[in-house]
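Note sheet for the following structure.
No value in this document is a laboratory result; all are computed from the given coordinates. On a predicted model such as this, the values are computed, not experimentally measured, just so you know. Neighbour counts run over all protein chains shown; Cβ positions are idealised from the backbone, glycine included.
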Amino acid sequence: MSHVIGIDGGTESLRAFVFDLAGHPVASCATPYSTTFPEPGWAEQDPSDWWAALGASVSGAMAQAGLSAKDVLALCVDTTCCSVVALDVAGKALCPAMIWMDVRAAVEADAIAESGDPALRINSAGAGPVSAEWMLPKALWLKRNRPDVFAAAAKVGEYQDYLNFHLTGVWAASLNNMAVRWHHQPDHGGLPGSLMEAVGLGDLAGKWPQRICTPGEVIEGLTDAAARHLGLKSGIPVVQGGADAFIAMIGMGVLQAGEMSLITGSSHLQLGVCDREIHGPGIWGTYSNAVYPGKCIIEGGQTSTGSVVNWFKRNFAEKIGFDELNKVAQALPPGAEGLLVLDHFQGNRTPYTDPFSRGAITGLSLKHEPAHIFRAIIEGICMGTRLIVDNFGEAFQIRRLVVAGGATNSPLWLRIHADTLGVPLELTEVPDAPALGCAVLAAFGAGEYKNVEAGIDAMVRVSDTIEPNPANTAAYDGIFNRYRELYSAMKAVREVSQ
């Protein structure tokens, strides 16, 4: 009875899953923790809560599975990205962690962007943005505003690094996190030394982990203390993971060039595999070796997607169930009888990278009912996804698309995604893609599979495919041309009002 454990450290809880070597989830357990918001734009968590949640979730999942410690071969962790911690030599937090959604470092982000350093080429070919969420702005904020903490910190890293340090005693970073959010470029000089020096962070390099592990690489064996905390066997391999959405690509079986994962929820994330570097306006990445050796990852994202649907339902259709909205909306034709929605309710991440853009519902008439608006919102979100994919250009052409997350609960949403993109959508058996991705990496790290690809072949399976309707795709082509013009029109109105 050989099993592996995939651990997903999220924003609200840490979840541990026990998988067999065929990728079947045997048991899971989630432990919540709290986030505090002491100032506008701040979002903090106590790293000791992460460690407590890890112990509770792993031991809980093992008890549910009815397994003993000898049945587990290895474990792997993914976490939220850019949840930054400052630690003493022993790994104790010197202050609360600034989690990913903390944007207090906006001034520092601007300073980094204004440096014009070549390391910034990674996003939009140097045009930016630099997000206040990322590692360097947060570290710079810490140095400017809490110099005592920064000076005392022996280690500065992420949620990922904190857990792995306490699991193994080794201070190591994931190449995944570093490549996608630390401006580390393995094929172009590695650490962004000149950028760090330019903004006064030259001493940060000595606090960062000196060992960088690729996803799937064994960091070290589980320490005796960590084994007691988790209820596992001392010495089993702790395998490097990375940022949750990127590790989800593995759990979705997105591996080859031209394949893309569409991760849906309150927001959308588009992550594709490329066989070469691509840099250009509105493109985040590409990130070389960030998930798979020798391959690049291209990134796009929509800030508000499922959150817009929930906003509409909460405020304007509270008494109508989602099943009824989906049923009535499905009977409507593409275009929702003249409605067109711009999905920028919280700004635009890509391809415009405009935080001041706002949403719009246009074409309203007295005929329109809640189901029309519901469908039009989903169509606007789906056309926003198509805009991102089109912006990638001929250097990345989708040949396979796998979807996970909240949109998979709506057949209508899936259908419109397939129709607007004109490509089939695949769903996989295990919806918890980040945890399954960790399980694949753990199995590979334990030597059960010769490489990650073999692990994916054995543990990830497609459960359903939604084929596009050619007639609907043709109809959406015309609607998409109107959608592309809506941003410029709304921006012009905004500029006049200013």
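The table below gives the values:
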quantity	calculated
All-pairs alpha carbon distance profile, the range 388-498, 10 Å steps from 0, percent	12, 29, 29, 19, 9, 3, 0
Kirkwood estimate for the range 253-498, i.e. one over the average of 1/r between Cα atoms, Å	18.9 Å
Residues Tyr159, Tyr292, Tyr476, Tyr352 arranged by fewest to most Cβ contacts within 10 Å	Tyr352, Tyr292, Tyr476, Tyr159
Alpha-carbon centroid distance for the pair the range 182-246 / the range 319-369, whole angstrom	42 Å
Net dipole in debye of the range 253-498 [+1 Lys, Arg Cβ; -1 Asp, Glu Cβ; about Cα centre; nearest 20]	560 debye
Considering only the range 3-247, percent of DSSP beta bridges that pair antiparallel, nearest 5	65 percent
Eligible lysines near Lys92 by straight Cα distance, threshold 16 Å, same-chain separation 8 or greater	Lys155, Lys207
The range 253-498 - share of DSSP beta bridges that are antiparallel (%, nearest 5)	75 percent
Quarter of the Cα convex hull surface for the chain, i.e. its orientation-mean projected area (nm²)	22.7 nm²
Residue order, fewest to most surrounding Cβ atoms within 10 angstrom, among Phe19, Phe480, Phe150	Phe480, Phe150, Phe19
Helix 159-168 axis, angle to the chain major axis (alpha carbon atoms, nearest 10°)	30 degrees
Alpha-carbon Rg/Rh ratio, for the range 1-55, with Rh computed the Kirkwood way	1.14
J(HN,Hα) series, the range 459-474, from Karplus relation 6.51 cos²θ - 1.76 cosθ + 1.60, nearest Hz, glycine and proline x	10, 10, 9, 7, 9, 7, 9, 10, 8, x, 8, x, 5, 5, 4, 5
Rounded D (µm²/s) - the range 33-177, Kirkwood Rh over Cα pairs, Stokes-Einstein at 20 °C, 1.002 mPa s	128 µm²/s
Cα-only Debye scattering, the range 3-247: base-10 log of I(q)/I(0) at q = 0.10, 0.12, 0.15 Å⁻¹	-0.46, -0.66, -0.99
Dipole axis of the range 1-137 (+1 Lys, Arg; -1 Asp, Glu on Cβ), positive-most option in Thr11, Pro40, Gly66	Gly66
Where labels lie 7 Å past Cα in the beta-carbon direction, separation of Asp464 and Ala52 in nm	4.0 nm
Sequence-distant residues sharing a close amide H with Ser13 (under 5 Å, placed H)	Tyr33
Selected from Ser266, Leu325, Gln256, residue furthest toward positive end of dipole (the range 222-326; charges at beta carbon)	Ser266
Dipole-positive endmost among Val430, Ser115, Val291 within the chain (Cβ charges, Cα centre)	Ser115
Residue-span extension gain [Glu318 to Val107] - 0.36 nm each, minus C-alpha spacing	72.0 nm
The range 174-325: proportion of alpha-carbon pairs further apart than 29 angstrom, %	38 percent
Fewest-first ranking of His279, His3, His344, using other Cβ atoms within 10 Å as the exposure measure	His279, His3, His344
Cα-centred dipole magnitude for the chain, charges only on beta-carbon of K, R (+1) and D, E (-1), debye, nearest 20	360 debye
Antiparallel bridges, percent of DSSP beta bridges restricted to the chain (to nearest 5)	70 percent
